[in-house]
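Participant: Below is the structure I would like to discuss, written out as structure tokens.
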Amino acid sequence: MRVDVAEVNGRKFVNNSSVGLYPNMVLERVQQRKHGYGRWLAFAYASLRVLRRFPRIDIRLSCCGEEIKRSTPLLFVGNNTNEMTGWRIGQRERLDADQLFCCIASAASRWELFKLLARALTGRLRRQRDFDMFHSEEVNIDSSRRRLHIAVDGEVVILPPPLRYRIHPRALNVVVP
């Protein structure tokens with residue numbers, strides 16, 4: 001089967017990429033693992049430390065002929081549409097829909113972020129109130145920062161903005177049952 005591959009500034013990925021909270025949690029988790037903590041304890045401790053700081057990033061997103069400015073704790077770009085509610089969060093029905101899936105959380109505080117997560121898990125996530133969502137073949141994200149920590153399939157890389165996300169339809173052959 002041929003599946004889509006996405007990229008950000010020339011770096012390919014098959015699952016997702018994110019800016020904001022998640023890359024910071026991954027970096028912090030690595031530090032905690034160096035101190036001897038196990039995987040889950042390191043992740044829990046890293047999550048608490050990052051959420052205490054609650055980093056936000058000012059972005060300018062361009063796609064589909066529109067430009068949106070947001071201050072957000074989390075920007076997510078998936079290779080094809082990801083489920084956003086219930087216990088199937090992150091799962092994809094298709095790997096060959098030829099589209100990026102972009103979500104920007106609008107939570108202004110830790111409490112709003114926790115409420116957003118609770119609504120997502122219970123299937124009550126409200127588009128536009130809780131997050132902005134887009135489907136596109138290309139998404140451009142700019143920031144006033146000189147460099148951004150980006151999670152790309154779980155690995156953190158540092159990239160200079162603007163971030164240019166693109167989809168490569170059916171660019172990867174995979175073996176399926």
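Participant: Can you find, within segment 105-139, the residue that is modelled with the highest pLDDT among those that are surrounded by 14 or more Cβ atoms within 10 Å (Cβ to Cβ) and in a loop (DSSP other than H, G, I, E, B)?
Facilitator: So the residue we want is E137.
Participant: From V19, V14, V5, grab the single residue that is closer than 15 Å to Y165 by Cβ and either aromatic (F, W, Y) or buried (at least 19 other Cβ atoms within 10 Å of the Cβ) (or both).
Facilitator: Every option except V19 fails the conditions.
Participant: Within the bounds of segment 74-92, is there any residue that is in contact with a Phe, Trp or Tyr (Cβ under 7 Å, 6 or more places away or on another chain), within 23 Å of R29 (Cβ to Cβ) and at pLDDT below 85?
Facilitator: yes
Participant: Taking the stated definitions as given, is S144 touching a strand residue (DSSP E or B) at 6+ places or on another chain (Cβ under 9 Å), under 18 Å from T72 (Cβ atoms), modelled with pLDDT under 95 and surrounded by 18 or more Cβ atoms within 10 Å (Cβ to Cβ)?
Facilitator: no
Participant: So N24 clears everything in (1) assigned to a helix (DSSP H, G or I); (2) touching an Asp or Glu at 6+ places or on another chain (Cβ under 8 Å); (3) closer than 18 Å to D153 by Cα except one condition, right? Which one?
Facilitator: Looking at each condition in turn, N24 falls short on (2).
Participant: Looking at segment 58-68, which of the residues that are closer than 19 Å to I150 by Cβ and among the charged types (D, E, K, R) is surrounded by the most Cβ atoms within 10 Å (Cβ to Cβ)?
Facilitator: R60
Participant: Would you please name the residue that is farthest from R145 (Cα to Cα), looking only at residues in segment 26-57 that are in contact with a strand residue (DSSP E or B) (Cβ under 9 Å, 6 or more places away or on another chain) and crowded, with 16+ Cβ neighbours inside 10 Å?
Facilitator: Per the stated criteria, the residue is V26.
Participant: What tally of residues in segment 63-76 results from selecting those that are under 13 Å from F131 (Cα atoms), in contact (Cβ under 8 Å) with a residue 40 or more places away in the chain and assigned to a strand (DSSP E or B)?
Facilitator: Selection size over segment 63-76: 6.
Participant: Moving on to the next point. Considering each residue of segment 42-61, count those that are among the hydrophobic types (A, V, I, L, M, F, W, C), part of a helix (DSSP H, G or I) and more than 14 Å from Y22 (Cβ to Cβ), and give that number.
Facilitator: So the answer is 3.
The values are calculated or read from the model by the stated rules, or taken from the named source; none is laboratory data. Nothing here was measured: the structure is a model prediction, and the numbers come from that model. Note that we place each Cβ from the backbone using ideal geometry, even for glycine, and neighbour counts take in every protein chain shown.
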